[in-house]
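The values are calculated or read from the model by the stated rules, or taken from the named source; none is laboratory data. On a predicted model such as this, the values are computed, not experimentally measured, just so you know. Here Cβ is always computed from backbone atoms with ideal geometry, including for glycine, and neighbour counts include all displayed protein chains.
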Amino acid sequence: MGKTDVFLSYEHSLKSIVDRICAELENDGIRCWYAPRDVIGDYATSIVSAIDEASVFVVLLNNESSRSPHVLNEVEMAYKRIIDKEGELTILPLRLDNEDLSKAMEYYVKRMHWIDATTQSVENAVQELKHKIKAIIKPARQEEEVRIERKTNMYFDDADEKEKKRLKIQQTLLESFDKALYDKIANEKQTMRILDLGCNNGDFVMNRLGAKENVECLLGLECNAEAVAKANEKYGSDKICFEECCLECDDLEKNIRGFCEKYGISDFNVVNVSMLILHLKDPLKLLKTVRRFLKPSAKIIVKDIDDGLNIAYPDNDGLFEHAMDCCLKNELAGYRYSGRQIFGLLHKAGFRNIRLVKSGMDTSSMNYDEREALFMTYFSFIKNDFDMLTEKYPDNALYAENAKWMDENYDALEDAFLADDFFFTLGFMLFEAER
């Protein structure tokens with residue numbers, strides 16, 4: 001979600017000036033909101049939402065605007081937000097004439113630093129305004145960039161009982177979403193030589209493919225040594241094996257080749273990549289490397305997440321929007337817009353016949369138990385992760401704030417999620433492609 005950087009408050013006689021200011025700011029990448037241009041739906045609701053999202057509130061002041069009921073209402077809302085949310089919004093008044101302000105306007109802006117266009121040209125005043133805005137929004141922009149960039153995060157803790165329980169529920173829930181594709185590909189192959197990337201403790205690949213009668217060999221790769229040991233203990237055989245392997249290391253091709261020689265595997269004709277790409281900094285490198293070990297017509301299955309497809313309705317109090325925003329700040333959660341990149345990544349890696357099989361798992365046809373499972377699949381991991389992060393980084397105020405919020409609102413989220421009239425879509429995306 002792209003936030004508003006600047007809310008522009010003005011009286012209609014200043015429309016030409018606000019147009020000039022907006023153009024100047026937006027030409028420099030500053031995201032502006034002003035009415036009526038950006039109003040969507042109900043006028044009042046749209047204004048309140050825009051003020052609540054903005055980092056900077058610019059009010060254009062002259063004799064008329066200081067007495068405008070609409071401008072005064074907007075300034076009052078901005079002022080209230082500063083009080084309620086402890087300074088998350090900055091008000092910047094731009095003075096355009098020397099007329100006395102109304103007493104009501106003076107009450108709100110008297111102690112604030114004004115940008116004065118009466119002692120300099122409007123053009124210079126706008127440049128001063130832009131400079132101040134950029135200084136204010138820079139930290140927020142930096143935080144936003146950190147939140148949306150890809151990073152290597154191969155988190156999987158086989159000793160974390162809460163996470164293991166959540167993953168087991170997720171695996172069962174996803175059967176209705178992806179099982180048909182796995183069955184189809186298994187039925188297409190006379191024999192399967194399977195490479196599973198990011199296999200965790202082996203449960204998922206064994207449930208979907210490993211137990212099929214036509215499995216010739218299965219090699220699972222996972223960076224967590226304990227998970228690998230447990231996978232081998234539970235499923236290991238003369239044709240099924242799991243190895244510890246960093247999937248973003250420079251020696252990946254060499255390591256896979258070594259495993260193939262160790263187990264006498266000539267090539268693979270099925271590759272499974274489930275909920276892994278979101279945790280990689282350079283997934284293209286992995287896909288290109290893996291493709292070298294595939295025979296022609298080999299199939300690859302990629303399942304990943306894209307929170308841009310999430311829908312939570314109704315969300316009148318904004319609880320679900322806030323929870324999903326918390327997820328973006330969770331360093332253990334991976335790159336939450338990964339799903340939309342899969343098609344392009346597969347194409348660039350040289351795969352063909354790329355097909356989006358399914359996108360979005362929703363609650364519309366789920367029973368109570370399934371809805372409860374879906375809630376736990378998505379929202380419990382956010383809560384659990386922030387509990388772990390606050391323990392790991394006790395001085396991180398952002399993690400502490402989000403852990404507290406999730407703890408205080410988790411039950412309310414669950415109650416709303418399980419209500420009869422609530423609808424939720426979770427952005428799982430499932431692709432298949434050929435070598």
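Annotations for the structure displayed:
- Looking only at residues of the stretch 74-127 that are acidic (Asp, Glu) and closer than 19 Å to residue 18 by Cβ, we find that the one that is surrounded by the fewest Cβ atoms within 10 Å (Cβ to Cβ) is 123.
- Condition met for residue 380 (under 18 Å from residue 275 (Cβ atoms), modelled with pLDDT of 90 or more and not hydrophobic (A, V, I, L, M, F, W, C)): no
- One residue stands out in the stretch 2-43 among those that are closer than 30 Å to residue 310 by Cα and touching a residue at least 60 places away in the same chain (Cβ under 8 Å): the one that is nearest to the chain's Cα centre (by Cα), namely 3.
- Inter-residue pairs, beta-carbon under 7 Å, first acidic (Asp, Glu) and in the stretch 118-144, second at pLDDT 90 or above, 6+ apart: 128/115
- Every condition in (1) at pLDDT 95 or above; (2) within 25 Å of the chain's Cα centre (by Cα); (3) part of a loop (DSSP other than H, G, I, E, B) is met by residue 284 except one, and the failing one is (3).
- Residue match in the stretch 366-383 (condition: in contact (Cβ under 8 Å) with a residue 24 or more places away in the chain, of a type outside the set (A, V, I, L, M), on the phi > 0 side of the Ramachandran plot and surrounded by fewer than 19 Cβ atoms within 10 Å (Cβ to Cβ)): no
- When the stretch 49-73 is limited to residues that are in contact with a strand residue (DSSP E or B) (Cβ under 7 Å, 6 or more places away or on another chain) and part of a helix (DSSP H, G or I), the one that is surrounded by the fewest Cβ atoms within 10 Å (Cβ to Cβ) turns out to be 51.
- Any hit, the stretch 266-278, residues being acidic (Asp, Glu), within 17 Å of the chain's Cα centre (by Cα) and assigned by TED's automatic domain parsing to the domain that holds residue 249: no
- Residues in the stretch 266-292 that are under 18 Å from residue 209 (Cβ atoms) and buried (at least 21 other Cβ atoms within 10 Å of the Cβ): 268, 269, 270, 271, 272, 273, 274, 276, 290.
- Residue satisfying all of: in the stretch 294-326; buried (at least 16 other Cβ atoms within 10 Å of the Cβ) and assigned to a loop (DSSP other than H, G, I, E, B); farthest from the chain's Cα centre (by Cα) among these: 315
- Total residues in the stretch 6-36 satisfying the condition of being part of a loop (DSSP other than H, G, I, E, B), modelled with pLDDT of 90 or more and not small (Gly, Ala, Ser): the figure is 4.
- Scanning the stretch 203-212 turns up at least one residue that is at pLDDT 90 or above, in a loop (DSSP other than H, G, I, E, B) and either surrounded by fewer than 19 Cβ atoms within 10 Å (Cβ to Cβ) or in contact with a helix residue (DSSP H, G or I) (Cβ under 6 Å, 6 or more places away or on another chain) (or both).
- Residue 421 vs. criteria in a helix (DSSP H, G or I), among the charged types (D, E, K, R) and either free of Cβ contacts under 8 Å to residues at least 40 places away in the same chain or in the same structural domain as residue 370 (by TED's automatic domain parsing) (or both): no
- Applying the criterion of being over 20 Å from residue 72 (Cα atoms) and part of a loop (DSSP other than H, G, I, E, B) to the residues of the stretch 89-129, the residue that is nearest to the chain's Cα centre (by Cα) is 117.
- Scanning the stretch 251-265 for residues being closer than 19 Å to residue 210 by Cβ and touching a helix residue (DSSP H, G or I) at 6+ places or on another chain (Cβ under 8 Å) gives a total of 2.
- Some residue of the stretch 240-255 being of a type in the set (A, V, I, L, M), more than 33 Å from the chain's Cα centre (by Cα), in the same structural domain as residue 211 (by TED's automatic domain parsing) and not in a loop (DSSP other than H, G, I, E, B): yes
- Any hit, the stretch 415-429, residues being crowded, with 21+ Cβ neighbours inside 10 Å, within 24 Å of residue 276 (Cα to Cα), of a type outside the set (A, V, I, L, M) and at pLDDT 95 or above: yes
- Within the option set 197, 167, being at pLDDT below 90, assigned by TED's automatic domain parsing to the domain that holds residue 264 and in contact with a helix residue (DSSP H, G or I) (Cβ under 9 Å, 6 or more places away or on another chain) holds for one residue only, 167.
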